[in-house]
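The values are calculated or read from the model by the stated rules, or taken from the named source; none is laboratory data. Computed from a predicted model, the values in this text were never measured in an experiment. No Cβ is skipped: glycine too gets one built from the backbone with ideal geometry, and neighbour counts run over all protein chains shown. With ligands, DNA and RNA removed, areas are computed over all heavy atoms of the protein, side chains included. Shrake-Rupley method; radii C 1.70, N 1.55, O 1.52, S 1.80 Å.
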Amino acid sequence: MDEIRDGIDQIDCDILIIGGGTAGPMAALKAKKKNPKANIILLDKANVKRSGAICMGMDGLNNSVIPGYATPEQYTKEITVANDGICDQAAVYRYAQECYGIIQELDSFGIRFQKDQNGEYDVKKVHHIGTYVLPMPNGDTVKKALYRQLRKARINIINRYMATRLLTGEGRVAGAICVNTRSAEFLVVRAKAVIMGLGAAGRLGLPTSGYLYGTYENASNSGEGYAMAYHAGAGLANLECYQINPLIKDYNGPACAYVAGPMGGYTANARGERFIECDYWSGQMMQEFFDELQGGKGPVYLKLNHLAEETVAEIERVLHIVERPTRGHFHRGRGTDYRKQMIEMHISEIGFCSGHSASGVFVDEHARTTIPGLYAAGDMANVPHNYMLGAFTHGAFAGEDAADYVAEMDFAAFDQADIEAERTRVLAPTKREDGIPPNQIEYKTRRLVNDYLQPPKVTAKMHLAQKRFAEVREDMENAMYVRDAHELMRALEASSILDCADMAAAASLYRTESRWGLYHNRVEYERDDENWFCHTILTKGDDGMPASRKQDVKPYVVDIAEDEKDAYAKQRVKPSVAAE
Amino acid sequence: MPLAQTATTVPVVVNDDLCIADKGCTVCVDVCPLDVLRIAETAEGSKTAYMKYDECWYCMPCEADCPTGAVTVNLPYLLK
Ligand SMILES: Cc1cc2nc3c(=O)[nH]c(=O)nc-3n(C[C@H](O)[C@H](O)[C@H](O)COP(=O)(O)OP(=O)(O)OC[C@H]3O[C@@H](n4cnc5c(N)ncnc54)[C@H](O)[C@@H]3O)c2cc1C
Ligand code: SF4
Ligand code: SF4
């Protein structure tokens, strides 16, 4: 295994789905159901059995809209406000209307959700305004249950192939070029439609531990989705709205105030005082977190040591077995007992992820990108605060729409020279006698991301970032060196990461205002609704460099009153409450 | 530009006595999302799984899915 082999194959399908994490499997199931004759391929860099953010399971649905607890209108309003108004509501509203059906479907797959004594879903309040968090007591079964459905529906699964570039022709998508991660052999997949569900750009900033894989996101999500969409000419929206999360220091996993909050846990400063009213992740919340640290009241902690023994035991049970089961090992190693000590948190490095913020490939309410036949869903598509249920639901929209699209389409012709060019690019690091290994290219890129792009954002620093990235690119293109197919996968990832770093700098420089709290805190500029109440769309310019433009926010479907607009700006606990 | 031989300690350990890679098992290698595990063959021809690349997300499918409980996931030293 891992020796570099020379080989290329070509296969055809109706719908190619890239990424078999969360959105991808649901897209496959829905497409097959709608168009049973369609030939569907689900392709993943890892193994679909255990790939993506939910590889071990999940603690709950962070954003379910369940009748009796919330209405689609309320949810749409909350997400619009949480995202500082920059939201094409149609996609959020459609999600809010249809996600309940998806929950019932997941339930029928054997993934159980918490119910109360009357058998009703037991939804918890975590967000600032509404009630949307639905715990999953057996959340560790989610991936297995999905996999069973994929087998039952006879979806063709191809594991351990990494997609590197999309093929386009006749103004639409034509397929994708993929590379085997264990042999470097090529697979060209011709497809009438392509659905991308490649997850977040999770390896953009460098964790403070210095460990390249010590990320919040599943570290196999290295931003290829963003890079591939960019090189194919698709539009990417609001990339300057970075993902920055409040995490357990060093462990870099969620502290899970969403689990602990409804049981009485909360985020506190070093004095054990509550300083934010709501633990739901937003740019404004992260700004308060940052201000608390700057004000000398840090570190910030998750506080559970005031809770009753049974409550702490229950929190431990959930947090130590499902989503990130090494969390228990971590705390044990550090001698942290939730009953006695608070859990130290910190501000994460930056990434792109609409699952938690809003940075992603631009899509509409059918999950269509700006390229006909190309869809995106989940963390890499720009529907804000989408989380796991958003990935499932928009994956479903993409699968259904693509099933109709391919019924009337034939393959688009593409230029064979594109394949040759990609082979040359991919294999270049295998042709050298020696050089710079991909881990050093990646480390340097990500260290520079931390130094110059991490908010608060400063114009001069971002210009320096662009200069340094260009130097790293020069090295990457002319001197990167790999010894086996596994290292080649890392080299291709390093290239996606560098593309994302360039996009992050360009997008952040373009929006000359501050918005989304810490996510786009440009210290030299105030919020400026007059000029910047709009999306920014980034595409690959004619000079091969990122180009940005403004795009209007579509008229709202659900109106928002003037006095509701800044609900998320009021996060700080008032002094009288803090003193309690 | 020759490459250095810098050592690094890996977080995932496999108990050779429990591992049944000899019988053809490759479960941990198959499921790892980062693809960092491999099967090693000794000079005598016996096989065990091991962590070949220090690129671990400490996520645990390898440990959870191993049929004999041979895998232990520790935290990478840099963040533990
Ligand atoms: C630690 C953690 C905890 C979370 N907790 C919650 C929670 O409690 N509740 C909640 O609602 N949400 C939670 N989320 C968010 C939620 O899990 C994600 O929003 C959702 O799973 C994203 O789905 P996705 O399909 O976009 O990406 P993923 O499920 O990550 O899938 C991406 C897939 O793409 C594959 N891939 C990547 N690159 C390539 C390539 N080049 N070629 C081929 N395949 C590729 C990957 O292997 C992977 O299988 C959490 C996320 C994390 C990381
Ligand atoms: S899964 Fe367990 S038994 Fe199988 S190869 Fe891996 S360590 Fe050995
Ligand atoms: S913990 Fe996760 S990344 Fe590390 S070896 Fe096991 S499966 Fe792979």
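Only one of (1) free of Cβ contacts under 8 Å to residues at least 60 places away in the same chain; (2) closer than 21 Å to A:L134 by Cβ; (3) within 14 Å of chain B (Cβ to nearest Cβ) fails for A:E314. Which number is that? Of the numbered conditions (1) free of Cβ contacts under 8 Å to residues at least 60 places away in the same chain; (2) closer than 21 Å to A:L134 by Cβ; (3) within 14 Å of chain B (Cβ to nearest Cβ), the odd one out for A:E314 is (3).
Listed by first and then second residue, the pairs linking a residue in the stretch B:32-54 that is in contact (Cβ under 8 Å) with a residue 60 or more places away in the chain to a residue that is within 15 Å of ligand 3 (Cβ to nearest atom), with Cβ atoms under 7 Å apart and 6 or more places separating them unless they lie on different chains, form an empty list.
Within the stretch B:40-73, the residues that satisfy the criterion of being near ligand 3 (Cβ under 9 Å from one of its atoms) and open to solvent by 30 Å² or more (accessible area, probe 1.4 Å) are B:E63, B:A64, B:D65.
Among the residues of the stretch A:104-119, are any in a helix (DSSP H, G or I), farther than 30 Å from A:H535 by Cβ and small (G, A, S)? Yes: the stretch A:104-119 contains one or more residues that are in a helix (DSSP H, G or I), farther than 30 Å from A:H535 by Cβ and small (G, A, S).
Considering A:M56, A:M26, the condition of being among the hydrophobic types (A, V, I, L, M, F, W, C), closer than 14 Å to A:K143 by Cα and more than 14 Å from chain B (Cβ to nearest Cβ) is satisfied by A:M26 alone.
This table checks each residue for (1) out of contact with any strand residue (DSSP E or B) (no Cβ under 9 Å at 6 or more places or on another chain); (2) more than 16 Å from ligand 3 (Cβ to nearest atom); (3) in the same structural domain as A:T539 (by TED's automatic domain parsing); (4) open to solvent by less than 40 Å² (accessible area, probe 1.4 Å).
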{"residue": "A:G328", "(1), (2), (3), (4)": "yes, no, no, yes"}
{"residue": "A:G335", "(1), (2), (3), (4)": "yes, yes, no, no"}
{"residue": "A:K340", "(1), (2), (3), (4)": "yes, yes, no, no"}
{"residue": "A:A367", "(1), (2), (3), (4)": "no, yes, no, yes"}
{"residue": "A:L374", "(1), (2), (3), (4)": "no, yes, no, yes"}
{"residue": "A:D379", "(1), (2), (3), (4)": "no, yes, no, yes"}
{"residue": "A:Y387", "(1), (2), (3), (4)": "no, yes, no, yes"}
{"residue": "A:E400", "(1), (2), (3), (4)": "yes, yes, no, no"}
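Filtered by the rule that a residue be assigned to a helix (DSSP H, G or I) and closer than 16 Å to A:H486 by Cα, the stretch A:412-468 gives A:V426, A:L427, A:A428, A:P429, A:T430, A:P438, A:N439, A:Q440, A:I441, A:E442. Residue check: A:R94 meets all listed conditions (1) in a loop (DSSP other than H, G, I, E, B); (2) in contact with a His (Cβ under 9 Å, 6 or more places away or on another chain); (3) open to solvent by 10 Å² or more (accessible area, probe 1.4 Å) but one, namely (1). When you scan the stretch A:374-381, do you find a residue that is touching a helix residue (DSSP H, G or I) at 6+ places or on another chain (Cβ under 6 Å) and in a loop (DSSP other than H, G, I, E, B), even just one? Taking every residue of the stretch A:374-381 in turn, at least one turns out to be touching a helix residue (DSSP H, G or I) at 6+ places or on another chain (Cβ under 6 Å) and in a loop (DSSP other than H, G, I, E, B). For A:Q571, indicate whether it is over 30 Å from B:D35 (Cβ atoms), open to solvent by less than 10 Å² (accessible area, probe 1.4 Å) and either of a type in the set (K, R) or touching a strand residue (DSSP E or B) at 6+ places or on another chain (Cβ under 8 Å) (or both). The answer is yes for A:Q571.
If you go through the stretch A:71-80 and pick out every residue that is under 25 Å from A:Y519 (Cβ atoms) and open to solvent by 10 Å² or more (accessible area, probe 1.4 Å), you end up with 2. Scanning the stretch B:13-46 for residues that are within 16 Å of ligand 1 (Cβ to nearest atom) and either out of contact with any strand residue (DSSP E or B) (no Cβ under 7 Å at 6 or more places or on another chain) or of a type in the set (F, W, Y) (or both) gives B:D30, B:V31, B:C32, B:P33, B:L34, B:D35. Taking the conditions (1) near ligand 3 (Cβ under 10 Å from one of its atoms); (2) of a type outside the set (V, I, T); (3) in contact (Cβ under 8 Å) with a residue 24 or more places away in the chain in turn, B:C19 satisfies each one other than (1). No other residue among B:T42, B:T48 is at pLDDT 95 or above and farther than 16 Å from A:H331 by Cα apart from B:T48. Of all residues in the stretch B:58-70, exactly one satisfies the criterion of being over 17 Å from A:I321 (Cβ atoms) and either small (G, A, S) or within 16 Å of ligand 1 (Cβ to nearest atom) (or both), namely B:A70.
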